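Every number in this text was worked out from the coordinates using simple rules, so none of it is lab data. Just so it is clear, the structure is predicted and the values come from calculations on it, not from any experiment. No Cβ is skipped: glycine too gets one built from the backbone with ideal geometry, and neighbour counts run over all protein chains shown.
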Amino acid sequence: MNNKDKHWTSEMLTLFGIWLWEQGEHGHGLLCIHGPQWGYKIGQQLNIVWDNILGKKDFKWELVLDEADVDPRYISEMARDYLIKLYEMKMDDVIEGSESIYLNSRTGKALNTSSLNRELKRFSEQFLKELEEKHGWSVNVKPLKSSAFQIAWAFKMLEKYHYSKKAFIAVSKFMGHKSLKYTIDLLEIEPFDEIIFDYHSGNYQSGISSDVLEDSNEIAKIVMTTITDAYSQFKLSINNSS
């Protein structure tokens, strides 16, 4: 394996999923669109059935599995759109609530872990070859395996929390790894806890003109927005974004 090969990103997996869908590989495509968003272990992911998705009157916006220790997952608009497309394609058939949403389009059977890595490898090689032939892009990514979905999810979580050690520990525990070192070795990145002193943080003086003292409205805005407890404002912004 080339040392320059990178992990598949959430965006790259989504692009691959859309490509698979266009090739008629709907089950595999749906898996690639859902996987990096939800962060399930692959066995849990493949156990998702129509009863988990369909409500009494419409498609759900939240995915809840029967397992008590598994948090609910938000169903994004894109994920929901592709589920609706798949449902509409199957409307002429009787859809059993216990049927997997991830079916092999050629065999009609549910995707399973025993053959998935082989299928993902074959499809992804075709996808990368087409990217290079059509667009001239040669992408150095690792051979695609089913573990790539949870790894891509982990990278997004670590990015959200600025690659802090606390985030690494939480992600490692979530992924069921035996040690933090295992997680670091798998992801090939390390916690980033370095403090860099910044003397122009946020360019806070932008927008403040030299004649500000003549403008009562501007003075009021500056005073009212900066005199408050900055730490409280920071916590509020974090809570609102989560």
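A few comments on the model shown:
- Taking every alpha-carbon pair under 8 Å whose residues sit at least 6 apart, the chain reaches a relative contact order of 22 percent.
- Listed options for log10 I(q)/I(0) by the Debye sum over Cα atoms at q = 0.09, 0.13, 0.15, 0.18 Å⁻¹ are (1) -0.43, -0.89, -1.17, -1.53; (2) -0.64, -0.86, -1.01, -1.26; (3) -0.54, -0.92, -1.10, -1.41. The value calculated from this structure is the one marked (3).
- Rounded to the nearest 20 debye, dipole of the chain from Cβ charges on Lys, Arg, Asp, Glu: 960
- Shape of region 97-184, Cα gyration tensor, a/c cut at 1.5: oblate
- Charge tally in the Cβ shell below 15 Å around Ser209, where Lys, Arg are +1 and Asp, Glu are -1, Ser209 excluded: -3
- Taken along the Cα-to-beta-carbon direction at a fixed 7 Å, the label points for Arg106 and Gln44 span 3.1 nm.
- With each label modelled as a point 7 angstrom along the Cα→C-beta vector, the Lys90-Glu188 pair spans 3.6 nm.
- Taking 18 Å as the cut-off, the amide N atoms of region 1-44 that come nearer than this to a point 7 Å along the Cα-to-beta-carbon line of Ser114 belong to 42-44.
- Region 10-135 - Rg over Rh from alpha carbon coordinates, Kirkwood radius: 0.96
- Ranked list, fewest to most other Cβ atoms within 10 Å of each Cβ, for Ser146, Ser124, Ser209: Ser209, Ser146, Ser124
- Efficiency of FRET from Cβ geometry, Lys165 and Asp51, R₀ 51 Å, rounded to 0.05: 0.80
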